[in-house]
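Read through the structure below, which is laid out as structure tokens, and then see the notes.
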2 protein chains.
Amino acid sequence: MENKYIFVNDQFILHTEAKLHVSDLSIQRGYGIFDFLKTIDFHPVFIDDYLDRFYRSAKEMNLEPPYERNELKSLVRQLIEKNNIANSGIKLILTGGFSEDGFTITTKPNFMMVQSPLNIGNESFEKGLKLITNNFQRQVPSVKTIDYLQAIKTWPQVIGHHADDILYHKDGAVRECPRANIFMVKGKEVFTPKTDILRGITRSKVLSLETAHLNITERDFSLEELQTADEVFITVTTKNICPVLQIDGKPVNEGNIGEITRSLSVLLQQLINKDIDSKNGF
Amino acid sequence: MENKYIFVNDQFILHTEAKLHVSDLSIQRGYGIFDFLKTIDFHPVFIDDYLDRFYRSAKEMNLEPPYERNELKSLVRQLIEKNNIANSGIKLILTGGFSEDGFTITTKPNFMMVQSPLNIGNESFEKGLKLITNNFQRQVPSVKTIDYLQAIKTWPQVIGHHADDILYHKDGAVRECPRANIFMVKGKEVFTPKTDILRGITRSKVLSLETAHLNITERDFSLEELQTADEVFITVTTKNICPVLQIDGKPVNEGNIGEITRSLSVLLQQLINKDIDSKNGF
């Protein structure tokens, strides 16, 4: 990544040069928001949805983004062109800015865009995921803050259990994974929690899928109910739909990838292809 | 502050030069811990207590401090000498370090020490504080993490109510202020919450005060009980003891500073003076 560009505030600079003064409120107080979108074949997929959320998060946290939507889209395009990475993740970060007293928001936020290579293959889908559960409620759940204290603190348990990710629940009520949403299939019904979660863009796309035989809706459910689901999958920008085959050591669907998960994955890919073909915003 | 020194990782550098690469996990994921001690007349007050907590916080968050206690004390002393600020706050920050994937702890933490002038006068004591309450439980409450999302997000309400600080409660159970602990006086009993709070160093010093006529203990209490207290005060490194004269617009002790608050403040000052005289660690 050393010869790649990062955008910081008002300029493209080389990866190695991208630094922030330590008085920034992200370093001092963990204060900031971000968003993360992907490019496929140089096209930023569903960019308007991600920017909608980026601006909503900023507003909720009293941070004023330095660019309007069209300026920001133009900067994303310039970043893609400069770095020449076809398939990538692009992270937009907006921090609390430099603060003289290390607490009060006094200056404009600092804004960054970082691009990294990303390949979404079939491999991770076919392998599926093992989750461990963790009783935790994200603070300010509707906002994509930079707060991942609990996830990173808990990660040694993921490694220790040879698992792939964490599933948060609040006293038994299923919420989300730290960086993904969760879905459960029961017969012809597909549910995803609706309370105190981040509304993922991939989640919203799955909720929007039109199928003749399935009913896909928001509804809260318990860990107990999840353990008896026919199929479980997560949605996440970096993997689209990915099957969950084990939760806390117990197999889901006898450890097999379910047919509904497969069919929704195909439908989601069609939606993504349609967005790529539309050349929306570019 | 431009001509003052900040210590970053392994060197003293000028304030303006103190920068971190944006791949640090504090910027990417709000991951880090810190501690904050004060110097009076070039003496770091209760430094061993603050370093105890600093090392405990680091361990709890799986971060390995780059210096042992005696090395760290030596660096604190060098910082005080270089900057030549008699009365100050010194902040030690330990972040998740640089991370290639922006999530996983892969390198050593980044360590910083920042010194700022601090004057503890009688003025803030005599003025007292107005608090507004906020239903919120800090995550990882026993650790001094850099997470102040809720406090900074809620700060416009503090300003809007012409208040001075926030008091967190969890569904009515009093916890703490974002950067201070709270005490309540009822007759000859003095209480401070014991559940899911940060164990402040000034709090622990007040709990250790020996008085013939008072019983100072840890005990949880409700907002309702707090509203009927004889006296309320907070403890915080930057102000020692400071009276609370109003909570959510309602006066405490008819808006007067209580006698027990005054007497405990004198006893605490004696304890601080004793520590300064001891020249402990320096």
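Some observations on this one:
- For B:Val206, the stated conditions do not hold, so it cannot be described as within 22 Å of B:Lys170 (Cβ to Cβ) and within 17 Å of the chain's Cα centre (by Cα).
- Residues that are open to solvent by less than 30 Å² (accessible area, probe 1.4 Å) and touching a helix residue (DSSP H, G or I) at 6+ places or on another chain (Cβ under 7 Å) within the stretch A:246-256 comprise just one, A:Ile247.
- Listed by position, the strands (runs of 3 or more DSSP E) inside the stretch A:1-81 whose residues that are more than 13 Å from chain B (Cβ to nearest Cβ) number at least 2 are A:11-14, A:32-40.
- In the stretch A:223-245, residue surrounded by the fewest Cβ atoms within 10 Å (Cβ to Cβ) [restricted to those that are under 22 Å from the mean Cα position of the chain (by Cα) and among the hydroxyl-bearing types (Ser, Thr, Tyr)]: A:Thr238
- Residues in the stretch A:82-121 that are of a type outside the set (Gly, Ala, Ser) and in a loop (DSSP other than H, G, I, E, B): 16 in all.
- Residue check: A:Asn84 meets all listed conditions (1) more than 30 Å from B:Met113 (Cβ to Cβ); (2) touching a residue at least 12 places away in the same chain (Cβ under 8 Å) but one, namely (2).
- Qualifying positions in the stretch B:140-168 - farther than 26 Å from B:Leu245 by Cα and basic (Lys, Arg): B:Lys144
- When residues of the stretch A:14-31 are limited to those that are open to solvent by less than 30 Å² (accessible area, probe 1.4 Å) and without any contact (Cβ under 8 Å) to a residue 40 or more places away in the chain, the one farthest from A:Ser142 (Cα to Cα): A:Val22
- Restricting the stretch B:145-186 to residues that are in a loop (DSSP other than H, G, I, E, B), open to solvent by less than 40 Å² (accessible area, probe 1.4 Å) and more than 10 Å from chain A (Cβ to nearest Cβ), the residue that is nearest to B:Leu226 (Cα to Cα): B:Gly172
- Long-range neighbours under 6 Å by Cβ, at least six apart or interchain, first residue closer than 16 Å to A:Arg53 by Cβ within the stretch A:64-78, second modelled with pLDDT of 95 or more and assigned to a helix (DSSP H, G or I): A:Pro65/A:Ala58; A:Arg69/A:Leu51
- Single residue of the stretch B:258-282 satisfying the filter (surrounded by fewer than 14 Cβ atoms within 10 Å (Cβ to Cβ) and at pLDDT 95 or above) that is nearest to the chain's Cα centre (by Cα): B:Gln269
- Filtered residues of the stretch B:225-282 (kept if without any contact (Cβ under 8 Å) to a residue 40 or more places away in the chain and part of a strand (DSSP E or B)): B:Lys250, B:Pro251
- B:Ile90 being open to solvent by 50 Å² or more (accessible area, probe 1.4 Å), β-branched (Val, Ile, Thr) and within 14 Å of chain A (Cβ to nearest Cβ): no
- Against the test of being within 16 Å of the chain's Cα centre (by Cα), within 30 Å of A:Arg179 (Cα to Cα) and outside the structural domain of B:Thr238 (by TED's automatic domain parsing), the options B:Ile152, B:Ile93, B:Ile146 yield a single qualifying residue, B:Ile93.
- The condition of being assigned to a strand (DSSP E or B) and either away from chain B (no Cβ under 14 Å) or open to solvent by 10 Å² or more (accessible area, probe 1.4 Å) (or both) does not hold for A:Thr195.
- Against the criterion of being among the acidic types (Asp, Glu) and within 21 Å of A:Ala151 (Cα to Cα), A:Asp171 qualifies.
- Some residue of the stretch B:101-124 being crowded, with 19+ Cβ neighbours inside 10 Å and hydroxyl-bearing (Ser, Thr, Tyr): no
- Lone qualifier among A:Asn3, A:Asn62 - being open to solvent by 20 Å² or more (accessible area, probe 1.4 Å) and modelled with pLDDT under 95: A:Asn3
- Subset tally (residues that are in contact with a strand residue (DSSP E or B) (Cβ under 6 Å, 6 or more places away or on another chain), closer than 25 Å to A:Gly97 by Cβ and either open to solvent by 30 Å² or more (accessible area, probe 1.4 Å) or within 8 Å of chain A (Cβ to nearest Cβ) (or both)) for the stretch B:134-144: 1
- Residue match in the stretch A:32-53 (condition: more than 16 Å from A:Lys91 (Cα to Cα), out of contact with any Asp or Glu (no Cβ under 6 Å at 6 or more places or on another chain) and open to solvent by less than 10 Å² (accessible area, probe 1.4 Å)): no
The values are calculated or read from the model by the stated rules, or taken from the named source; none is laboratory data. These numbers come from a predicted model, not from an experiment. Neighbour counts run over all protein chains shown; Cβ positions are idealised from the backbone, glycine included. SASA here: full protein model, heavy atoms, side chains in, ligands and nucleic acids out. Shrake-Rupley method; radii C 1.70, N 1.55, O 1.52, S 1.80 Å.
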